[in-house]
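In what follows, a single structure is set out as structure tokens and then discussed.
Just so it is clear, none of the values below were taken in a lab; they were calculated from the coordinates. Note that the coordinates shown come from a computational prediction; the quantities given were computed from them, not determined experimentally. Every residue, glycine among them, receives a Cβ derived from its backbone with ideal geometry; neighbour counts consider all protein chains shown.
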Amino acid sequence: MVKVALQVKATLECIEKLYTNHPNHQWFLKLKCGNCGEVSDKLHDLMESEKVPQKHNRSETNLLIKCKLCSRENSMDVIEGSNSVYTSNDVGKFKTIVIFDCRGIEPVEFAPKSGWIVESEDNGRKFEDVDLTEKEWVEYDDKNNTSVGVYEFESQFVKVK
């Protein structure tokens with residue numbers, strides 16, 4: 001069992017907070033099998049609020065997959081309560097926004113896609129279902145009469161204890 005933190009870094013323009021609709025946010029990840037090293041060629045999605053039963057025991061997990069190369073069954077969970085908010089104070093540094101409990105697999109690539117929530121500075125507008133597929137996003141906050149944006153979005157995975 002390995003715990004892996006997803007960390008993000010971004011430049012925020014007139015934005016106070018960037019976060020997800022936890023626990024209903026879909027995390028899109030490419031995964032690597034810990035047994036044979038095979039990296040998935042497609043993105044797998046998991047959500048903390050969705051559980052699937054494991055075949056060999058009575059527990060449930062957020063993601064259960066079988067490696068297409070070695071046929072090993074692997075699973076992954078979003079650790080409850082591990083979600084965090086990326087704020088304007090975090091700009092320029094990586095911050096953990098979620099932690100995964102990995103059994104037999106590890107994430108190697110993250111695709112941010114849609115479902116993000118952005119809150120403007122100075123009690124400005126709240127934007128929901130923001131799409132970060134292009135790793136940047138720009139909009140206009142009519143409440144504060146200013147443009148807002150997320151730029152230079154990056155992510156990395158870090159093993160944690």
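Of the set (1) assigned to a strand (DSSP E or B); (2) closer than 17 Å to Thr87 by Cβ, all apply to Asp122 but (1). For region 128-145, a residue qualifies if it is in contact (Cβ under 8 Å) with a residue 12 or more places away in the chain and within 18 Å of the chain's Cα centre (by Cα), and the qualifying residues are Glu128, Asp129, Val130, Asp131, Leu132, Thr133, Lys135, Glu136, Trp137. Filtered by the rule that a residue be β-branched (Val, Ile, Thr) and either surrounded by 15 or more Cβ atoms within 10 Å (Cβ to Cβ) or touching a helix residue (DSSP H, G or I) at 6+ places or on another chain (Cβ under 9 Å) (or both), region 48-91 gives Thr61, Ile65, Val78, Ile79, Val85, Thr87, Val91. Scan region 47-82 for residues that are of a type in the set (A, V, I, L, M, F, W, C) and free of Cβ contacts under 8 Å to residues at least 40 places away in the same chain and the total you get is 7.
Restricting the search to region 131-152, which residues are assigned to a strand (DSSP E or B) and surrounded by fewer than 19 Cβ atoms within 10 Å (Cβ to Cβ)? Once the filter is applied, which keeps residues that are assigned to a strand (DSSP E or B) and surrounded by fewer than 19 Cβ atoms within 10 Å (Cβ to Cβ), region 131-152 yields Val138, Glu139, Tyr140, Thr146, Ser147, Gly149, Tyr151, Glu152.
Given the conditions (1) farther than 15 Å from Tyr19 by Cβ; (2) out of contact with any Ser or Thr (no Cβ under 9 Å at 6 or more places or on another chain); (3) of a type in the set (Ser, Thr, Tyr); (4) surrounded by 13 or more Cβ atoms within 10 Å (Cβ to Cβ), which single one is not true for Ser155? The number of the failed condition is (1). Does region 46-59 contain any residue that is among the hydroxyl-bearing types (Ser, Thr, Tyr), touching a strand residue (DSSP E or B) at 6+ places or on another chain (Cβ under 9 Å) and under 21 Å from Phe157 (Cα atoms)? No, every residue in region 46-59 fails to be among the hydroxyl-bearing types (Ser, Thr, Tyr), touching a strand residue (DSSP E or B) at 6+ places or on another chain (Cβ under 9 Å) and under 21 Å from Phe157 (Cα atoms).
In this structure, does Val8 turn out to be surrounded by 15 or more Cβ atoms within 10 Å (Cβ to Cβ), of a type in the set (Val, Ile, Thr) and under 14 Å from Phe110 (Cβ atoms)? Yes.
This table checks each residue for (1) within 16 Å of Leu31 (Cβ to Cβ); (2) under 11 Å from the mean Cα position of the chain (by Cα); (3) aliphatic (A, V, I, L, M).
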{"residue": "Ser114", "(1), (2), (3)": "no, yes, no"}
{"residue": "Glu121", "(1), (2), (3)": "no, no, no"}
{"residue": "Gly124", "(1), (2), (3)": "no, no, no"}
{"residue": "Ser147", "(1), (2), (3)": "no, no, no"}
{"residue": "Phe157", "(1), (2), (3)": "yes, yes, no"}
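Ser71 satisfies every condition listed in (1) assigned to a strand (DSSP E or B); (2) among the small types (Gly, Ala, Ser); (3) over 30 Å from Asp141 (Cβ atoms) except (1).
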